[in-house]
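S.K.: Starting off with a structure, shown below.
The values are calculated or read from the model by the stated rules, or taken from the named source; none is laboratory data. On a predicted model such as this, the values are computed, not experimentally measured, just so you know. Heads up, the Cβs are rebuilt from the backbone with ideal geometry, glycines too, and the neighbour counts pull from every protein chain shown. All accessible areas refer to the heavy atoms of the entire protein, side chains included, with ligands and DNA or RNA removed. Shrake-Rupley method; radii C 1.70, N 1.55, O 1.52, S 1.80 Å.
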Amino acid sequence: MSAGRGVAALALGAALVAGCSGPFPRDVDGSLERISGGTLRVGVSENPPWTQVSDDGEVTGREADLVTGFARSEGARVEWTPGAESELVTAMTRGDLDVLIGGLTADSPWEQEVAITRHYAEEVTPDGDTEKLVMATPLGENALLVALETYLAGTGEAS
């Protein structure tokens, strides 16, 4: 290949890459963009000490604090939806939730339906096993997933 053709091929490649440019990673449904300055819709399954839901609907616990901090970092408020994990996963696949918390572990049975974050903490169970704690986001919402993982890593929680 001549030098002129090589330069032309390089220029064409650069133009193609530039044409595909934009924010990466991307969200299929634009979740992070919608959340920023808006509302973070969080499904919460009660699992003390990670998450607790009082009779009046107040959500507390270690994961609730983390998600509230993440929302604050995005200029968003949190809208809580309590429920059983299976119900919340279904709501997430319908597009009704942005994040799911409740002491989920890395060996979650839901990993085919939702995206699982990298683990942010470890817990030793009473029988001596170590469980890696995660959160979930909708499949395809990669910018949201990366932003949440980055936030968790910045809190010192991620291991």
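S.K.: Using amide H atoms built in the peptide plane, which far-off residues or other-chain residues are under 5 Å from residue 78 H to H?
M.R.: Residues meeting the criterion, in which the H sits 1.01 Å from N, are 40.
S.K.: Shifting gears a bit: Using heavy-atom solvent-accessible surface (probe 1.4 Å) with all chains present, what is the largest-first order of 134, 146, 28?
M.R.: Details: 134 0, 146 65, 28 115 Å².
I get 28, 146, 134, largest accessible area first.
S.K.: So if we plug the beta-carbon distance of residue 28 and residue 54 into 1/(1 + (r/R0)^6) with R0 = 30 Å, what FRET efficiency do we get, rounded to 0.05?
M.R.: For residue 28 and residue 54, the calculated efficiency is 0.30.
S.K.: Based on the alpha-carbon gyration tensor of segment 55-100 and its eigenvalue square roots a ≥ b ≥ c, which shape applies: rounded if a/c is under 1.5, prolate if not and a/b is larger than b/c, or oblate?
M.R.: Oblate.
S.K.: How large is ³J(HN,Hα), in whole Hz, for each residue of segment 30-43 in order, when computed from phi with the Karplus curve 6.51 cos²θ - 1.76 cosθ + 1.60 and θ = phi - 60°, using x for Gly and Pro?
M.R.: x, 4, 4, 5, 5, 5, 4, x, x, 10, 9, 8, 10, x
S.K.: Once amide H atoms are built 1.01 Å from N in the peptide plane, which residues 5 or more positions from residue 105, or in another chain, come under 5 Å H to H?
M.R.: Amide H neighbours of residue 105, under 5 Å, 5+ apart: 134.
S.K.: Multiply the residue separation of residue 125 and residue 105 by 0.36 nm, subtract the distance between their alpha-carbon atoms, and state the gained length in nm to one decimal.
M.R.: Taking 0.36 nm per residue and subtracting the Cα distance, the gain is 6.0 nm.
S.K.: Something else: Report the label-to-label distance for residue 93 and residue 77 in nanometres (one decimal), using points 7 Å from each Cα along the Cα→Cβ vector.
M.R.: Going from the residue 93 label point to the residue 77 one covers 3.2 nm.
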